[in-house]
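Please read the structure below before turning to the comments.
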Amino acid sequence: MSRKCQRAQKQNYCVVFIMAEDMLMVNISNQEPTDLHVSEKKHNKSSSRQKWTAKKTANGKRKASFENQDYGSAKQRKLNTQTDTKNEDQEASKFPSKLKASPKKGQGVHKGHDEPFIKTSSLFRNNPEIPDVFSPAVTQVKEKVFTTNTFQELDLHPHLVATLNKVLNISSMTSVQKQTIPVLMSGKDAVVRSQTGSGKTLAYGIPLIQSLQAVQPKIQRSDGPLAVVIVPTRELAQQSFQIFQKLLKPFTWIVPGVLMGGEKRKAEKARLRKGINVLISTPGRLVDHIKNTLSIAFSAVRWLVLDEADRTLDLGFEKDLTVILNALNAAGSTRQTVLLSATLTEALSRLTSISMNDPVYIQILEPSLSSQSPPSQQADSYAMPDRLQQYMVVVPSKLRLVCLAAFILARCKFERDQKLIVFISSCEAVEFLDTLLSTVLCGKSSTANKQKLSINFLRLHGNMEQEERTEVFQEFSQSKTGVLLCTDVAARGLDLPQVTWIVQFNPPSSAAEYVHRVGRTARIGARGNSLLFLTPSETAYMDVLANHNISLSEMKMEDILSTLMQDERFRGRGNWDKKKSAGAREQDMRERATVLQTEFENYVHGSAESVQAAKKALQSFVRAYTAYPSALKHIFHIRHLHLGHAAKSFGLRDAPQGLSSAVAYSTANKSAKKTAKGKDNNRPTIKLTARERVASLIRSEYTSGISGESKSKKKRTKKKKANAEDELTEG
C-alpha cells in the first residue's frame, strides 16, 4: 500500500482510481471501499442518475443559478477549486486572444456548509478587459443661443409679434433667428447652419409668413402652393405643420397643409383640389403627387425650404429632390430658396450650386467665421448646447442589456421627472426590447416578484402604421416621464419637450448623426444629458468624435449596476448587504445583475414566440452592425463582434446556430432567386457604396409609404402586353 493511501486511511477517506472505457475517474469517499467492483457499480449508477437529473433540470425553467454549498468535505471543495483554476489557466494559455476576466472579489465558496451562493461566472466571466479610456482634450465649439434682441425690433406685422409672445410664449430671438430673419426678409437665398434646438424652424417660418401676408391682393386658397417646405420624416412634417398653424392664427386666409406617407392619398388629393398655400411634405409623397395628381400646380410658388437637407440627401432622396426641383423649374416662377441643417455635407454643397442663386451662408459657430464664407472654408466641427452633459460608458456585450435596464431603473424609479429617449439600430430590436423591458422591469412577468413598477415605455420606428406613430409622438410629447425606444426616425428636428436623457444603445454611423441624436435634449437653453454605450473594442470611436470637437466624460459601468442594490426584487441569496467591505459590495452587485439577467432569459425562453422575436432582433442588430461606413470599419467590424455575448444582450442563452451565415444569406438569397428564373443571368452585379448601403437599410424609416406598383401588378401588366402582342401576330 502506498504512502498516500496510508495517509488517506488515517484520515478516514480513500482515493480510488478506476479505469473505465479509457477514462480515469477519481472517487473520493469518506468510507473505506469494501470491494473495488462494488464501488465501481455504485459510481456508474450514481453518475447516470446525476446525468438524468441534470438533463431534466436543464429542460425546465432556469433559476438564478443558486446552488447548495454541500459538496462534501472541505478538502474536496479545495480540490475542485484548484482544478477549476488549473483548467482556466490552461484555456487561457491555449487561447491568448481571449482576455481573462478581472478577479472577482468575494466570489466563490462562502464559509459554512449550508450557506447558499450564486454563480456569476456566466455573466461576469470571460469578458474582454475594459480599457482605460482617455478622452482627447478638445476645445468644444460654443454657440450663444439667446440674444437680448426682441421681435419688436424687426419690421414684422404686429399680429405676428403678438402671436409669438402670447401663443408661442417667445419674446427674444435666438442667435440663428437674429441673423437669418433679416437676410430672408431682404429676399436673398440662404444656407443656414446652426446647432440643434436653436430655433431654425421659426428662423424661416417668420419671414415666410411675413412676406405671404403682405401679398396684395390677398392670397386665396385657390391660388395653390406659394411655399413648399420639404422635411425628411413624417414626425418632423407633422411638427412643422403644427408650428405653422399657430403662426397663421391671425392670418386665416393663408391655409397650411401637410402631405406625408401613411395617410390616405384620396384625402390628400381632395385637400390639394381645395387649395393649400403653405405645403409641408416628405419628399417621397410629394413626388407621388407630382406624378399622379393633376390638381397640384407650382406656378405660384415663391418659397422653397429644405429643412434637415443633409439627411434628406443621405437617405437616398436625391432623385426625389431632382424631380421636385424640375417640377418647380418647369413652372417658371421665381422663388427664394432656404437650406437648413445642423451639419453641412458635400452633397448639400452640390445641391446648393444647382438650386440656389448667390446664397448667403449663415453659420452660428465661431465669431471668427464670416457669415458670407462658403462651406469649404468652414471648420469641420459641431456646436453643442452649453448645458448638455455628455457621457459614455464601456460595457462588455454580455452586460449591455442588464446595464441598460439598471440605467432606466435608476432614472425612472429612484429619480423624479425623468424623460428618456433610447436610440436603437433596428426596428425589430426596438419592438423586442420594448416588450422585454416593459414586462420584466414593470413586474408583469410570472417570474418577477409581486412588486410592480409603473414605467411608461413607448416605441417609435418606421415599420409602424402612421396612425400609431402619430399617437406615440403626441403621447410622449405631452407626458412628463417615460422611456421612448426608437430608431433614427426620431433623430432629426423633433422638438420633444422636457427630455432629460438621450441614451445611444447603439453608436451612430457618423459624428453628424451623433449631434442630431443628442440634439433632442438641452433644447433652447434647457439642461440635458446624453449617454453613449460602447463595447471595449469600440472605444476608438471617442477619437472620431474628438476630431469634430466633441468631448465625452466617462461613466463607470459599476456605478450604473450599483442601482440594482436599491431594488429588492433582484436580491440574491447572499447576505452581502450586512458586510461593508468593497468585495462584498461588488459581489452583491454581481448577484443582483445575474438575477436580473436570469429574469430576462426566463421570459425570452418562456415561449417559442419570444425566442423567435429575440433571434430576429439579434439578426437585425448584426445586419445593422455590418452597415457601418468604411471609414469606421476599423472600429465597428463584424469580426470584433462576439455573437454569443451579443446574444446574451438579447436575453438568449446561446447564439442561434447559423447566425453568422444568415446575414450573408439574406442578401445572397435574393440574387439566387433572380438567377433561378433564368432572366438576365449575364447582368453584372451592382455594387453599392457605403452610403447607399446605409440608405437602403434604413430608408423604410423615411419613405412616403408608397412603394409604387407591386410585383404582382407588374407581372399582370406584362402578361397583358404579351397576350396583346400574341393576338396581333395571330390576327
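The values are calculated or read from the model by the stated rules, or taken from the named source; none is laboratory data. For clarity, every value in this text was computed on a predicted model and none was experimentally measured. For neighbour counting, all protein chains shown are included, and Cβ atoms are generated from backbone atoms with ideal geometry for every residue, glycine included. Heavy atoms of the whole protein, side chains included, go into the accessibility calculation; ligands, DNA and RNA do not. Shrake-Rupley method; radii C 1.70, N 1.55, O 1.52, S 1.80 Å.
Here region 456-534 exposes an accessible surface that is 43 percent carbon and sulfur, computed with a 1.4 Å probe and the other protein chains kept in place. Site pair Asn547 and Arg653 shows an inter-label distance of 4.4 nm when each label is modelled 7 Å from Cα along Cα→Cβ. Annotation: Asp495 carries an accessible surface of approximately 80 Å², with a 1.4 Å probe and no ligand, DNA or RNA atoms counted. Projecting label points 7 angstrom from Cα along Cα→Cβ for Glu465 and Asp132 puts them 5.7 nm apart.
Please give the charge dipole size of region 207-317, origin at the Cα centre, charges +1 on K and R Cβ atoms and -1 on D and E Cβ atoms. Round to the nearest 20 debye.
Rounded to the nearest 20 debye, it is 620 debye.
Highest mean packing comes first when the peptides 613-623, 158-168, 539-549, 274-284 are listed by Cβ atoms within 10 Å, giving 274-284, 613-623, 539-549, 158-168. The calculated FRET efficiency for Ala347 paired with Asn165, based on their beta-carbon distance and R0 = 51 Å, is about 0.85.
For region 148-200, the orientation-averaged shadow of the C-alpha convex hull comes to 4.0 nm² (one quarter of the hull surface). Net charge in the neighbourhood of Val393 (other residues with Cβ under 12 Å of its Cβ; Lys, Arg +1, Asp, Glu -1) is -2. Approximating the spin labels as points 7 Å out from Cα along Cα→Cβ, the Asn456-to-Glu554 distance works out to 3.7 nm. When each of the peptides 468-477, 174-183 is scored by the mean number of other C-beta atoms lying within 10 Å of its residues, the order from highest to lowest reads 174-183, 468-477.
Solvent-accessible area of region 582-633 (1.4 angstrom probe, protein heavy atoms only): carbon and sulfur portion equals 52 percent.
Expressed as a whole percent, the accessible surface of region 402-445 that belongs to carbon and sulfur atoms is 40, based on a 1.4 Å probe. For the peptides 245-252, 329-336, 511-518, the ranking by packing is 511-518, 245-252, 329-336, with the highest mean count of neighbouring Cβ atoms within 10 Å listed first. Ranked by solvent-accessible area (1.4 Å probe, protein heavy atoms only, all chains present), the residues Trp501, Trp253 order from largest to smallest as Trp253, Trp501. Subtracting the Cα-Cα distance of His634 and Thr148 from 0.36 nm times their residue separation leaves 170.3 nm of extension gain.
Given the pairs Lys200/Lys480; Lys200/Lys419; Lys166/Lys200; Lys264/Lys291; Lys264/Lys319; Lys246/Lys413, which span a C-alpha to C-alpha distance of over 28 angstrom in this model? Working shown, then result.
Numbers: Lys200/Lys480 25 Å; Lys200/Lys419 24 Å; Lys166/Lys200 20 Å; Lys264/Lys291 16 Å; Lys264/Lys319 24 Å; Lys246/Lys413 36 Å.
The answer is Lys246/Lys413.
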